[in-house]
Amino acid sequence: MTTNLGLSIITLITLFISLTPTLTKSEEGIDVFLPITLNLTVLTDPFSISAASHDFGNITDESPGAVLCPSSPTEVARLLGFANGGFSYNGVSTIPEPTFKVAARGQGHSLRGQASAPGGIVVNMTCLAMAAKPAAVVISADGTYADVAAGTMWVDVLKAAVERGVSPVTWTDYLYLSVGGTLSNAGIGGQTFRHGPQISNVHELDVITGKGEMMSCSPKLNPELFYGVLGGLGQFGIITRARIALGHAPTRVKWSRILYSDFSAFKRDQERLISMTNDLGVDFLEGQLMMSNGIVDTSFFPLSDQTRVASLVNDHRIIYVLEVAKCYDSKTLPITDLVMDMLSRTLGFAPGFMFIQDVPYFDFLNRVRNEEEKLRSLGLWEVPHPWLNIFVPKSRILDFHDGVIHGLLLNQTATAGVTLFYPTNRNKWNNRMSTMSPDEDVFYVIGLLQSAGGSQNWQELENLNDKIIQFCENSGIKIKEYLMHYTRKEDWIKHFGPKWDDFLRRKIMFDPKRLLSPGQDIFN
Ligand code: FAD
């Protein structure tokens, strides 16, 4: 998006609203005006507009009027200050508001246009990361935290940290996501049961509010903004810097996939392992389903075992894959071996179906990149992704399993994509933050990561998602959606439940004109 700068920059030359409008036409028919005194340049070329109109979901197409590629946080503050206090032109007369809406865009890995700003301005956060001084990632002298420009991808945080022998402690599965983007949701993965989501591992933030104010915040300084922004879906401000907690970086990882044909044994072992957060526990825990009506990917397993793994799936129709990892370096290798041995002796998996790989720490964390490359080479990455991510309370996971996994997914003629299925601990989440989770100590993270393409059409998959939600609703299973997209206000109010009043109050406090992240469709 930023490489075509020379070709595409248009300096906006309207001094005040009375000057001739030379600007971007939005879908809503309202032109976006920036006075020259703002000294901001925006991109309006087709390439920049198109890139900012789409996301990973590949389902929505929402064109902004323009894209801002800022070279400093103050440029973003000027933009928001103007949008908050400025004017708009509707082709006939100037009106005091709304001016235009603004969305930060990290990597655009949203699913339903959440980082879009139809007719407004998209702020390309990668530009800010590239312009960050002295660097996008600055590790503290004592190695306990990193100050990170929010447009930085997590993979670059990892690279900078491991060079110093340190590392963030909790990760998403995929690292080509921006820090600001995951902190606006939660940032969950296999380390969450131990360390909490990424939002639980932030010491402080720099944020530009919807009023254009640049504010630092932490649990002590401006806590309303701090807690609101974490998991806040971009509603209260644009994060420009995050101070991320770091720990020691191990060098290698014992990474294991362990196969179960019996769901209750799988569930029992998963839940037992996430309760062990001492040195004898694992460092990473997730789970996946392998179903005979889906693509059975056996590439993790040794070549000599791939056929029997595939047969196991065919024989049982569904196999539950416990995925665990234990990180180590030369000092901690003995205890790591002890733990892996203990797992092999005490877990209730299908005999002979525990497999271990020994890989560098970086490669383990960056494992999804290989999947991405494979899918890209097959033309299956840039396809519609009607993903459904939900949190299911532990008390109802059996009902969910029977009704959704057996009742709906296994009955499909074909499934396309990965199904994640693992529990996590709620005590690592801070309820003052905006993200919602079920009201139980343990809940399951379920990711139905289906891809359309080939014979499968995304609406069919979306209908299946609707059926799943409906099943939960009818059965009284109190799920919470993650990375959700609702278009009706009542659904948002229901989603936030007891937190809705706080969410609304913070919106009025920090973004009273409702300029920010319109693509989330919460306050439009
Ligand atoms: P964008 O899509 O660019 O933005 C998302 C939202 O955040 C938008 O509302 C945007 O306006 C807002 N935003 C972006 N930057 C900022 C900022 N600096 N300040 C304020 N608001 C901002 N999630 C997990 O939790 N765990 C996973 O394991 C995981 N794996 C994934 C794997 C893949 C392949 C994909 C595509 C997504 C995955 N996600 C996962 C989801 C991901 O965390 C979210 O989609 C996240 O928003 C993506 O970050 P992004 O930089 O692309 O955000």
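The values are calculated or read from the model by the stated rules, or taken from the named source; none is laboratory data. Being a predicted model, the structure only gives us computed values, none of them experimental. So basically every Cβ, Gly included, is an ideal-geometry build from the backbone, and we count neighbours across all protein chains shown. Quick note on the areas: whole protein, heavy atoms, side chains included, nothing else; ligands and nucleic acids left out. Shrake-Rupley method; radii C 1.70, N 1.55, O 1.52, S 1.80 Å.
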_Given N residues in the range 271-336, what is its alpha carbon radius of gyration divided by 2.2 N^0.38 Å?_
1.40
*asked:* What is the sum of charges, Lys and Arg at +1 and Asp and Glu at -1, for the other residues whose Cβ falls under 10 Å from the Cβ of Phe301?
replied: 0
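Using the heavy atoms of the protein chains alone and a 1.4 angstrom probe, what is the accessible area of the chain per residue in square angstrom? Before the final figure, lay out the partial values.
On the way: 21340 Å² over 524 residues.
Solvent-accessible surface per residue comes out at 41 Å².
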*How much FRET efficiency would the formula 1/(1 + (r/R0)^6) give for Asn524 and Ser216, where r is the Cβ-Cβ distance and R0 is 35 Å, rounded to 0.05?*
0.75
*Run the quick spin-label model on Asp262 and Asp399: label points 7 Å from Cα toward the beta carbon, then report their separation in nm to one decimal.*
2.5 nm
_Calculated [θ] (222 nm, deg cm²/dmol) that DSSP helices of n ≥ 4 give over the chain, each run adding -39,500 (n - 2.57)_ = -8000 deg cm²/dmol
*Which Rg and Dmax, in Å, describe the Cα atoms of the range 437-490?*
13.2, 41
*In the chain, which Cys residues have no partner Cys with a Cβ closer than 4.7 Å?*
Cys217, Cys327, Cys472
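Let me check against my output: what whole-number percent is the relative contact order of the chain, with C-alpha pairs under 8 Å and at least 6 apart? Numbers along the way, then the final one.
On the way: 1147 pairs, mean separation 82.9, N = 524.
The normalised contact order for the chain reaches 16 percent.
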*Cross-link reach list, lysines versus Lys326, counting only Cα pairs under 16 Å and skipping chain neighbours closer than eight places*: Lys254
*Hey, what angle do you get for helix 73-85 against the long axis of the chain, alpha-carbon based, 0 to 90 degrees rounded to 10?*
60 degrees
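So if I place +1 on the C-beta of Lys and Arg and -1 on the C-beta of Asp and Glu, and nothing else carries charge, what would the dipole magnitude of the range 329-475 be about its Cα centre? I want it in debye, nearest 20. The partial results should precede the final answer.
On the way: 12 positive and 18 negative charges, 50 e Å.
My answer is approximately 240 debye.
Rounded to the nearest percent, how much of the accessible area of the chain (1.4 Å probe, protein heavy atoms only) is carbon and sulfur? Could you put the intermediate results ahead of the total?
Details: 11460 of 21340 Å².
C and S atoms contribute 54 percent here.
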*Scattering profile of the range 399-524 at q = 0.15, 0.18, 0.19, 0.23 Å⁻¹ [log10 I(q)/I(0), Debye over alpha-carbon scatterers]*: -0.87, -1.14, -1.21, -1.44
*Quote the charge dipole size of the chain about the Cα centre in Debye, to the nearest 20; the model charges only the Cβ of Lys and Arg (+1) and of Asp and Glu (-1).*
780 debye
_P(r) of the chain over all Cα-Cα pairs, binned every 20 Å from zero, in whole percent_ = 22, 54, 22, 2
_I'd like to compare 411-422, 74-85: which one has the highest average count of other Cβ atoms within 10 Å, and what's the full order after that?_
74-85, 411-422
_Test of understanding: extend the Cα→C-beta vector of Arg272 to 7 Å, then name every residue of the range 330-345 with backbone N under 15 Å from that spot._
339-345
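State the Kirkwood hydrodynamic radius of the range 158-277 in Å, one decimal place, computed from all pairs of distinct Cα atoms.
Working: mean 1/r = 0.0617 Å⁻¹.
For the range 158-277, inverting the mean 1/r across all distinct Cα pairs yields 16.2 Å.
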*Could you give the angle, 0 to 90 degrees to the nearest 10, between helix 333-346's Cα long axis and the longest principal axis of the Cα atoms of the chain?*
60 degrees
*Note down the net charge around Gln357, summing +1 for each Lys or Arg and -1 for each Asp or Glu among other residues with Cβ under 14 Å from its Cβ.*
+1
_I'd like to know which of Gln114, Gln270, Pro168 lies farthest towards the positive end of the charge dipole of the chain, counting +1 on Cβ of Lys and Arg and -1 on Cβ of Asp and Glu._
Pro168
_Less than 12 Å Cβ to Cβ from Gly417, Lys/Arg counted +1 and Asp/Glu -1: what total charge do the surrounding residues give?_
-2
*asked:* Quick check: pseudo-label points 7 Å beyond the Cα along Cα→Cβ at Thr37 and Thr144, how many nm apart are they?
replied: 4.5 nm
*Measuring from centroid to centroid over Cα atoms, what is the spacing of the range 407-443 and the range 195-257 in Å?*
22 Å
*Of Asn314, Met340, Phe300, which is farthest along the charge dipole of the range 273-350 in the positive direction, counting Lys and Arg as +1 and Asp and Glu as -1 at C-beta?*
Asn314
_Relative contact order, percent, the range 129-250 [alpha-carbon distance under 8 Å, six or more residues apart]_ = 30 percent
*asked:* Please enumerate, by chain and number, the lysines with C-alpha under 30 Å from the C-alpha of Lys499, excluding those fewer than 8 residues away in the same chain.
replied: Lys101, Lys211, Lys220, Lys394, Lys428, Lys467, Lys478, Lys480, Lys489, Lys507, Lys513
_Run the paramagnetic zone check for Asn474: 7 angstrom along Cα to Cβ, then residues of the range 384-422 with backbone nitrogen under 16 Å._
399-412
